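This report concerns only the one structure given below.
The values are calculated or read from the model by the stated rules, or taken from the named source; none is laboratory data. Please read all numbers here as calculations on a predicted model, not as lab measurements. Here Cβ is always computed from backbone atoms with ideal geometry, including for glycine, and neighbour counts include all displayed protein chains.
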Amino acid sequence: MSEEVLYERRGKVAVITLNRPGQHNAMNTAMRDALRAAWLRFGEDDEAMVAVLTGAGEKAFCAGGDLKEMSDTGLRIPPPDFIPYLTRTVHLVKPVIAAVNGLAVAGGWLLAQMCDLCLAAEHARFGITEARWGRGAPWAAPLTWMIPQRVMMEILLTGELISARRAYEIGFVNRVTPGEELMREAMAMAEKIAENAPLTVQGHKKMVYQCAEMGRLAALNTADAIFERVYLSEDALEGPKAFAEKRKPAWRGR
């Protein structure tokens, strides 16, 4: 892997670390390319069931795009694949957890937003600051399904940062933890997920995203179709059998 993004597997969990701490882990071209490669590596890593995305150092998760590089290149409209955007330009069936260890603004907010779950250190701060610099955040559109409309409007129009606690209160963050415990908590959550039936975990993730695109009845029908494969799998028989035999299930992912 490139030095801008580190990839480490700890058991069934892949830890992906943004590694430009001297630049608050701002995303330049090299980091974006390396992050795309890391997502693909995780997707192809049969031993990794869950990924944790975090930033190097204690000050920043990601300060967004590298504004100096944007100025030097005269960036106007970013192309669709400018950032490897989970659920949009990169599709992973396995879950990803953001462990936000500090500042997460602009593109850093996007990285936290596009992960399936988000844990934050108490000192972390979040913001969509594009209005301050004449840029835009069209990637923030999915927030309409994640947080209240007027809260979203305030965040976008003021460009002000919010605390990790406030991000938790509005439902953007799952848990807030002391900074020194962040990775331990993220790993504990990842390992708990990794021990569950993989087809069921992947089916639930797919259901959540697909059903956000449709109405109630269509969502129910879609969920039924998604889980037909799960119910017909070997794992669907292994779970009840393991329960009856008072042992831990041996998942095979099929």
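What the table below lists for this structure:
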read-out: Matching residues in the range 216-235 - criterion: being touching a residue at least 12 places away in the same chain (Cβ under 8 Å) and more than 19 Å from residue 87 (Cα to Cα); value: 227, 229, 230, 233, 234, 235
read-out: Within the range 61-92, considering residues that are crowded, with 21+ Cβ neighbours inside 10 Å and over 20 Å from residue 117 (Cβ atoms), the one modelled with the lowest pLDDT; value: 66
read-out: Subset of the range 123-141 that is loosely packed, with under 15 Cβ neighbours inside 10 Å and either in contact with a Lys or Arg (Cβ under 9 Å, 6 or more places away or on another chain) or among the hydrophobic types (A, V, I, L, M, F, W, C) (or both) - its residue that is nearest to residue 64 (Cα to Cα); value: 133
read-out: Any hit, the range 143-151, residues being out of contact with any helix residue (DSSP H, G or I) (no Cβ under 6 Å at 6 or more places or on another chain) and buried (at least 20 other Cβ atoms within 10 Å of the Cβ); value: no
read-out: Unique match (being without any contact (Cβ under 8 Å) to a residue 12 or more places away in the chain and within 18 Å of residue 120 (Cβ to Cβ)) among 160, 213, 169, 185; value: 169
read-out: Residues satisfying the stated conditions in the range 215-245, i.e. modelled with pLDDT of 90 or more and part of a loop (DSSP other than H, G, I, E, B); value: 215, 232, 233
